[in-house]
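Notes for the one structure printed next.
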């Protein structure tokens, strides 16, 4: 029996939800939904699915929905489904703030609904390949730089872009953040478009994260330094390099390493397939509502520090 799914919001990202879900063999794409009728009709035609202009039309008709509307509308769109026990995957960030995220988590817990969050980089094959190689990271350097986007910008660069990396870092450093230093600059919008955060964890690990949506070049890389080893992940190219210090029998130490084999696959496809499987198997998805809340809470601390710095 196929899982009945609707995609709510088929703009820059939601249209890819629709494309992928329409091709998954265990999914029935019930409808694509967008408040802009012309867009809903267009995407519906491309994926051979009915279209609608109101999310409320899907209540009681589906097993799950994916929500790819602007962040300001996440709670309003997702909550009615969660309250009915319908599974929901919400694009990142889960909500505008922690209280709204908690409302969704509470509603899902009360009804038993599956709640997932679209932190797509967690499903990046390169990130998956590097996880078994991690051994108490000591320093993490991340750059996520992009050109000015042609899409909704209702949030600052921390909630828009950096939150991807905040989620990844929180998932690979099993320790609490104890200090946050941050600076951000508004350049093309009224909110910070470039930001840097330096996080210190109780374990002693330091993470230095830069995110920009006004850069000339596109860069999405994470570098991880740990005892006797260096790991490099290129999110976009889905490439991993590992370099290690090899100590011989009394000989001079040597550096050994290079690129690792990574089975490339579209991260969003992996994310959506995991969500559908979680709905079918009645289990937690790879990125839970609690994970989404942690990322939001850290993003808010960074934003607050940026504001404090003026």
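As a test of the formula, what do you get for the chain when each DSSP H run with n ≥ 4 contributes -39,500 (n - 2.57) and the sum is divided by the residue count, at 222 nm and rounded to the nearest 500 deg cm²/dmol?
Counting only the DSSP helices, I get -9500 deg cm²/dmol.
Based on the Cα coordinates of segment 125-168, what is the per residue volume of their convex hull in Å³?
Value for segment 125-168: 100 Å³ per residue.
Once you have a ≥ b ≥ c as the square roots of the Cα gyration tensor eigenvalues for segment 1-48, tell me rounded if a/c is under 1.5, and otherwise prolate or oblate according to whether a/b is larger than b/c.
prolate
Taking Cα atoms of segment 91-177, Rg/Rh with Kirkwood Rh, to two decimals?
My calculation of the ratio gives 1.00.
For the chain, modelled as a GNM with alpha-carbon contacts under 10 angstrom, which of 142, 194, 255 fluctuates the most?
Most flexible of the set in this elastic network: 255.
Relative contact order (percent) for the chain, with alpha-carbon contacts under 8 angstrom and 6 or more residues of separation?
Relative CO of the chain lands at 18 percent.
Which value in Å is the Kirkwood Rh of segment 82-138 over different Cα pairs?
About 13.2 Å, per the Kirkwood formula over Cα pairs.
Rounded to two decimal places and with Rh computed the Kirkwood way over Cα pairs, what is Rg over Rh for segment 26-155?
1.03
Say we join alpha carbon atoms closer than 10 Å with springs in a Gaussian network model of the chain; which of 213, 39, 244 then has the biggest fluctuation?
In this elastic network of the chain, the residue with the biggest mean-square fluctuation among 213, 39, 244 is 244.
Find the relative contact order for segment 105-200 and round it to a whole percent, using C-alpha pairs within less than 8 Å whose residues are 6+ positions apart.
Relative contact order comes out at 23 percent.
Please state, rounded to one decimal and in Å, the Kirkwood hydrodynamic radius that segment 142-192 gives when every pair of distinct Cα atoms enters the mean of 1/r.
Computed over segment 142-192, the radius equals 12.7 Å.
According to the square roots a ≥ b ≥ c of the eigenvalues of the Cα gyration tensor, what is the shape class of segment 177-241, taking rounded for a/c under 1.5, prolate for a/b larger than b/c otherwise, and oblate for the remainder?
Oblate, since a/c reaches 1.5 and b/c is not below a/b.
Output the 0 to 90 degree angle, nearest 10, between the alpha-carbon long axis of helix 267-281 and the longest principal axis computed from the alpha carbons of the chain.
Tilt of helix 267-281: around 60 degrees.
What does segment 1-94 give for Rg and for Dmax, in Å, if only its C-alpha atoms count?
Final numbers for Rg and Dmax: 11.7, 34 Å.
Against the globular-protein guess of 2.2 N^0.38 Å, express the Cα radius of gyration of segment 181-310 as a ratio, rounded to two decimals.
Ratio of Rg to 2.2 N^0.38 Å for segment 181-310: 1.39.
For the chain, with a Gaussian network of springs between Cα atoms less than 10 Å apart, report the residue from 208, 48, 124 with the top mean-square fluctuation.
48
Give me the tail of P(r) for segment 47-101 as a percent: Cα-Cα pairs with distance above 12 Å.
65 percent
Extension gain residue 178-residue 38, at 0.36 nm per residue separation less the Cα-Cα distance, in nm?
Computed gain between residue 178 and residue 38 is 45.6 nm.
Angle between the Cα long axis of helix 14-23 and the longest principal axis of the chain, 0 to 90 degrees, nearest 10?
80 degrees
Ranked highest first by the average count of other Cβ atoms within 10 Å around their residues, in what order do 128-135, 155-162 fall?
So the order, starting with the most tightly packed, is 155-162, 128-135.
On alpha carbon coordinates alone, what is the Rg over Rh value for segment 83-230, Rh being the Kirkwood radius?
Taking Rg over the Kirkwood Rh, I get 0.99.
Could you pull the Rg and Dmax for the chain, using just the Cα atoms, both in Å?
Computed over the Cα atoms of the chain, radius of gyration and Dmax are 20.3, 72 Å.
Read-outs: derived from the displayed coordinates by stated rules, not from any lab. This structure is a prediction, so every number in the text was calculated from the model and none was measured. Note: ideal-geometry Cβ built from the backbone for every residue, glycine included; neighbour counts use all protein chains shown.
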